[in-house]
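Novice: Would you mind keeping the following structure in view while I ask a few things?
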Amino acid sequence: VTLLLNFVDSVEEIVQMLSVSEPLLRPRKFVGQSKTSGGGNKDSSKNSSLTKNSTDGTAGMKQKEQQEVIRLFREGRYNVIVCTCIGEEGLD
């Protein structure tokens with residue numbers, strides 16, 4: 001399952017809510033490489049600036065991390081990907 005959202009802050013919130021249903025639902029966030037402010041800015045995945053930490057809720061994911069999430073999703077470790085616009089642009 002892939003959930004497409006407009007705001008990075010929403011991605012974090014939805015992943016936390018779905019995690020309550022583990023192991024049935026195994027969600028993982030998937031966002032672009034851009035940095036966002038705490039105000040809920042839209043993800044601009046076309047921005048190539050890498051960020052320092054992808055797990056703090058205010059940073060994007062490095063390309064290597066994105067590739068790892070996709071690999072684990074395909075292998076079945078995650079069965080829900082919660083993503084920003086990067087999902088509709090980069091997932092096939």
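Novice: With respect to D56, is the statement that it is assigned to a helix (DSSP H, G or I) and at pLDDT below 90 true?
Specialist: no
Novice: So the check is Cβ under 6 Å with 6+ separation or different chains; which pairs have a first residue in the stretch 76-92 that's open to solvent by 10 Å² or more (accessible area, probe 1.4 Å) and a second one that's of a type in the set (A, V, I, L, M) and modelled with pLDDT of 70 or more?
Specialist: Qualifying pairs under 6 Å: Y78/L72; E88/L4.
The values are calculated or read from the model by the stated rules, or taken from the named source; none is laboratory data. The shown structure was predicted, so the numbers you read here are calculated from the model rather than taken from an experiment. As a convention, Cβ positions derive from the backbone with ideal geometry for all residues, glycine included, and neighbour counts pool all protein chains shown. For accessibility, only protein heavy atoms count, side chains too; no ligands or nucleic acids. Shrake-Rupley method; radii C 1.70, N 1.55, O 1.52, S 1.80 Å.
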